[in-house]
Structures are given as structure tokens and as C-alpha cells.
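For reference, the structure is listed below as C-alpha cells.
What follows draws every value from the coordinates through simple rules; no lab data is involved. Since we're looking at a predicted model, the values are computed, not measured. Because the Cβ atoms are built from the backbone with ideal geometry, glycine has one as well, and the counts that use them run over all protein chains shown.
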Amino acid sequence: MNRSLFLDAFLKILEIPHKLVLTIHTNPDGDAVGSALALAAFLRVHNQEVTIVSPNKFPEFLSWLKGADHILIFDQQAKEVKARLQTADYVFCLDYNGVSRSGALQEDLLKLNCPLVLIDHHREPETDSFKLMYSNISVSSTAEMIYELIAETDVEQLKNQEIAEALFAGIMTDTGSFSHSINRAETFNAVARLIENGLDAVHVHQQIYDTFSENRLRLLGYSISNRMQVFNEFSTAVITLSKDDLNRFNFQIGDTEGIVNYPLSIHNIMMSVLITEKSDQIRFSFRSKGNFSVHELAKNHFNGGGHNNAAGGNLKLSFKEAIDYLIKVLPFYKNQLNS
């Protein structure tokens, strides 16, 4: 569905009150949470009854955003979430391109009779899963897409500081504090417009990046000093964190956010990988510089995907097997990584 058709359908939804549920992906990040909070606030202005649902807990550093305390967490409030889904007129899927990315919500979403509405910027969306779809892989973040929707349907709401803070949080975090996915002038124009309308960008930045716990900061230092390996022949750095490592620093959801970006500051490193041991699988986070596509790497070998310079994946292997598997894959990409 092209943007114009989606916009027409979206405006029709706004014409009369509905019960709407906004869902985000499992292990939500700043873009997922920010997009949902901004869209929810906008929809409520237009007399919509809105519920936000997350499959699991989101990072504590996002909890200060207005409305975050009302997000329903499926793995803690399953009964209430199921009830809201069953009575929804539309269910929005924000910042994920396929129902499987909704984690524990997947089974319930697939059973729904109401339309699923996609708003997302990731590659290769599952077109058959959604009745309405707004997909644009060239945009920095889903938050920027929500900004565009608001700008085109009720521009005055960009002055709403609850909406503005959530949008800026989403754009800022999904661009790594404006270090990648920033080749569109429109991204900076959006931020400039929010600031012109009263957004305190410094305050939002401080709330997200300057509120580390002592344990989180020590985990960051430990990750780089003790758990980073540099493979110069592949221009790659790998950080590996086991469950024991995480427990040592009293790990909380969100504590590893951003760690994968640090090795890219090494001048000859083109790709950084963070491997994290979870209870039921091994999580891979990939970042790259230049034209090397970690999306293709994650898609081809790690059951994942994402963007050209930022992607993720999962494997159901032991921690050691997962590390060994990555090391076996790297030689296939040696020329691309070193070009």
C-alpha cells in the first residue's frame, strides 16, 4: 500500500472512535516505545481508546516518558492483554516487519479477526500479514514515520510535548544518537521542527543517556576490557556476554543497550558484534560502518535482519557454539569487510 492510500485509510480510522491496540516488538527499544507512546497520545486527542502492549519489559531508561507506566506487559498481564486484543477494532504493529517479531504475542495476533496495521521501517515486511501497511525502509526510524503521519494529518499536535518527547526519543535512539541512518535531510528537519515547537532535546538526551546505574556502567567497562576480541583480519570486533557475566552486574533489561556501538570507534573496525546469552537462545546484535550490510549477514546466518548498518538475530545453540559459529562465518565476508 502506498503512502497516500495508507494516509486515506488512517484518516478514516480517525473519523469515529475505535478501540485500538498498539503493539511493539519483543525486547523493545527506544524507537518501539517512543513510536507507540507518540502515536497513542495523538490518537487519544482524536477520541480513540488506545492500549499499548509490549511482549515483555522495556528498558528502565525509557520509563520516564509520559504514558510509559500504562503500557501493558504481556508476560506479566496476559489476561488483560488478551481481553484488549479480543475487543480491538484495529491492532497496530509498530517497529516490526513480521508477526513473529512480536514474540509471545504472535499466537494471539494470528488469531485476531480485526485488521492488523503495520507502520515500520525494516526491510522485507510480511505483506500478507497486514490489512493496512505503511512501510518505508529509507526512513531513520518508525518514530520518524509517526512524525510524518502527524505532520500530514494534524500538524498542531507536533506542539504537544508528550508527543514531541516520545518522537525525539525514538529518532535519537534508533540513529545511535545521530550516528547512523541519518542520510535523509528530512530526519534533521523533523527534529528541528520539534525543537522549534518547544521540545527540550537536551533534557530528553540526558534522561536516556545520563541515567545509568552504577552496575550498568561497570558492565560496559567490563564488556570492553574483558569480553572484547578484535579480529583484525576481518576488521571485526566481538563482545561476548554470558549469563554469568550479566548476573555479576545485576543485569536489568536495557543494560546492554548501546554496548555494540563502542568497538566501531576503533579506526580499522568495520563491524561490531555483541553476543548475549539469554535463557532460551543466543542473541546477536550487529553494527557496521560503510556499505557492509549486517542485514544480509543476519538474514543469511542468524535468523534475523534489520538495516544495512544495524541488525540482529538469534540462534538456539549453546553460548560457545554460537561464538564458534560466528567465527566460522566471518571468513566468507573477509573481502567485503576489508574492502
Check C93: other-chain or 5+ apart residues with amide H under 5 Å from its amide H, H built from backbone geometry? T23, V117, L118, I119
Which lysines, on any chain, are close to K334 with Cα under 20 Å apart, when same-chain ones fewer than 8 places away are left out? K289, K299
Treating the angle as unsigned and between 0 and 90°, give the value, to the nearest 10°, between the Cα long axis of helix 185-196 and the longest Cα principal axis of the chain. 60
Given an 8 Å cut-off on Cα distances and at least 6 residues of separation, report the relative contact order of segment 181-298 as a percent. 19
Amide N proximity, segment 311-326 versus D280 label position 7 Å along Cα-to-Cβ, cut-off under 15 Å: 314-317
Quick one: what Rg and Dmax do you get for segment 50-142 from the alpha carbons, in Å? 13.4, 37
Tell me, rounded to the nearest percent, the portion of alpha carbon pairs in segment 171-212 spaced more than 17 Å apart. 33
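Pull up the DSSP beta bridges for segment 87-199 and report the antiparallel fraction as a percent, rounded to 5. Show your work: numbers first, answer last.
Numbers: 0 of 8 bridges.
If I count the DSSP bridges inside segment 87-199, around 0 percent turn out antiparallel.
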With just the Cα atoms defining each centre, how far is segment 56-72 from segment 207-277? Give it in Å. 23
Nitroxide proxy distance, nm - points 7 Å out along Cα→Cβ at K328 and A151: 4.7
Nearest 10 degrees, 0 to 90: helix 319-329 Cα axis against the chain principal axis: 80
Check cross-link reach from K66 to the lysines: straight Cα distance under 21 Å, and skip same-chain residues fewer than eight apart. K19, K57, K159
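Kindly flag which residue pairs out of K82/K243; K82/K278; K111/K243; K82/K320 have an alpha-carbon separation exceeding 28 Å in this structure. Can you show the working numbers first?
On the way: K82/K243 31 Å; K82/K278 26 Å; K111/K243 34 Å; K82/K320 38 Å.
Among K82/K243; K82/K278; K111/K243; K82/K320, the Cα-Cα distance tops 28 Å for K82/K243; K111/K243; K82/K320.
Given the rule -39500 (n - 2.57) for each run of at least 4 DSSP H residues, summed and divided by the residues of the chain, what is its mean residue ellipticity at 222 nm, to the nearest 500 deg cm²/dmol?
Details: 13 runs with 134 residues, N = 339.
The helix-only estimate for the chain comes to -11500 deg cm²/dmol at 222 nm.
Hey, what did segment 13-165 get for relative contact order, percent, Cα under 8 Å, at least 6 apart? Walk me through the numbers before you get to the answer.
Working: 290 pairs, mean separation 38.1, N = 153.
Taking the mean separation of contacting Cα pairs over the length of segment 13-165, I get 25 percent.
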Excluding residues fewer than 8 places away in the same chain, name every one of the aspartates and glutamates whose C-alpha is closer than 16 Å to that of K79. E107, D108
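At 25 °C and 0.890 mPa s, grab the translational diffusion coefficient of the chain from Stokes-Einstein with a Kirkwood Rh over Cα pairs, rounded to a whole number in µm² per second. Mind dumping the intermediate values first?
Working: Rh = 20.6 Å.
Here the translational diffusion coefficient equals 119 µm²/s.
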Per-residue HN-Hα couplings for segment 280-288 [Karplus 6.51, -1.76, 1.60; θ = phi - 60°; Hz; x = Gly/Pro]: 10, 6, 10, 9, 10, 10, 10, 9, 9
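Calculate the all-directions average of the projected area of segment 214-338's alpha-carbon convex hull, and give it in nm².
Values: hull surface 27.9 nm².
With the hull built on Cα positions only, its mean projection is 7.0 nm².
Within a 10 angstrom radius of the beta carbon, how do C93, C114 rank from fewest other beta carbons to most? Could you put the intermediate results ahead of the total?
Details: C93 27, C114 17.
Fewest-to-most Cβ neighbours within 10 Å comes out as C114, C93.
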